[in-house]
Amino acid sequence: MPSLRCLTGQDLQRSPPRYCSRLAGDRAQGAFIEDISGIQEGYTTDGNVITASVSAGKIPALFEAFLNSMREDESLFMFIEAPCNEEDERKYNNIKPGDPTVIKEYHRDVYYLDSYNREDMMSLLKSGAGDVLINDGLVCSGFGSLDTHVEIGKYRYITFTGYSVDQDISCISKVFDMAGIPSVPQLVTGWNVITRETPGRSNHYKYNVKDIYALPEDLKQLGIHKVETLAEWSGEVVWKERE
């Protein structure tokens, strides 16, 4: 496999690495909530699932802590859930050529890049590709292990989920602890404070000229592939990769 360090040119490379250069306090570049005063940073545990609200400045540290908790030779994957482009939305909403684009239901493409080790995934996180994934408010992304079946992901309004199939969830809670995110008895996320009076807004983000729509093509040489397309709210699978 090609090295993750060759991420298609200098526009996806940085030296020295830097994260989230356009973060402002606890606000990620691609996520905005009118009133964040009620949001509480922390995580709660429910069975084998952890849900967390994470301040923007700690996102890189949390992903790093997760990757550092993996063995050097562990087989890892990265997932990306990204909004479909306008052409595909017209197709999935059965909009005929020449008709205005009226979207009744939005859709998301799900991509996987797998079978890379800890060092490779850390290089990806520290690249411009990682900057896009961290800052784009409409993109969900994360990392997981094919060996131990644990994963962690960032979702809308900087809500995180950690999940463990075979192991005690403490292996994930330790990752949040290492990143300075405390366990709390009751969690308040961005979703809890968004109302008609205090709305939220998610935006796309570009690193140089690259955005989420360019990344899958840029990462294709590394083996990233689209596995399915989902309806945004119903979760219905409208397209699936052939086995």
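Any read-out appearing in this document is the output of simple, stated calculations on the displayed coordinates, not a laboratory observation. Keep in mind it's a predicted model, so treat the numbers as computed, not measured. Neighbour counts run over all protein chains shown; Cβ positions are idealised from the backbone, glycine included.
Rounded to whole Hz and in sequence order, give me ³J(HN,Hα) for segment 170-184 from the Karplus expression 6.51 cos²θ - 1.76 cosθ + 1.60, θ = phi - 60°, writing x for Gly and Pro.
Working through the residues one at a time gives 4, 5, 8, 4, 5, 5, 5, 4, 4, 8, x, 9, x, 6, 10 Hz.
Contour minus end-to-end for Val49 and Asp166, with contour as 0.36 nm per residue of separation and end-to-end as the Cα-Cα distance?
Length gained, Val49 through Asp166: 40.9 nm.
Give, as a single signed number, the net charge of other residues whose beta carbon lies under 13 Å from the beta carbon of Ser183, with Lys and Arg counted +1 and Asp and Glu -1.
-2
Normalised by the empirical 2.2 N^0.38 Å for globular proteins, what value does the Cα Rg of segment 43-145 take?
1.35
Can you spot the lysines whose alpha carbon is less than 21 Å from Lys126's alpha carbon? Ignore those fewer than 8 places along the same chain.
Here the lysines satisfying the reach criterion relative to Lys126 are Lys58, Lys154, Lys206, Lys210, Lys220.
Under 5 Å between amide H atoms, partner at least 5 residues away or on a different chain: which partners does Glu228 have, H built in plane at 1.01 Å?
Counting only residues 5 or more places away or on other chains, the set is Val110, Glu241.
Using θ = phi - 60° and the Karplus curve 6.51 cos²θ - 1.76 cosθ + 1.60, what whole-Hz ³J(HN,Hα) does each residue of segment 140-150 get, with Gly and Pro shown as x?
With the stated coefficients, segment 140-150 comes to 9, 7, x, 10, x, 10, 6, 8, 9, 6, 10 Hz.
If you take the square roots of the eigenvalues of the alpha-carbon gyration tensor of segment 63-108 and sort them as a ≥ b ≥ c, do you get rounded (a/c under 1.5), prolate (a/b over b/c) or oblate? Before the final figure, lay out each step's value.
Details: a/c = 6.21, a/b = 4.37, b/c = 1.42.
Cα axes put segment 63-108 in the prolate bin.
Within 13 Å, Cβ to Cβ, of Ile169, how many net charges do the neighbouring residues add up to if Lys/Arg are +1 and Asp/Glu are -1? Please list the in-between numbers first.
Details: positive: Lys174; negative: Asp46, Glu151, Asp166, Asp168, Asp177.
Here the count lands on -4.
Pull out a ≥ b ≥ c, the square roots of the eigenvalues of the alpha-carbon gyration tensor of segment 26-236, then state rounded if a/c is under 1.5, prolate if not and a/b is larger than b/c, and oblate in the remaining case.
In terms of gyration-tensor shape, oblate.
Taking amide hydrogens as modeled 1.01 Å from N in the peptide plane, which residues meet the under 5 Å criterion relative to Ser183, leaving out close sequence neighbours?
For Ser183, the qualifying residues are Tyr43.
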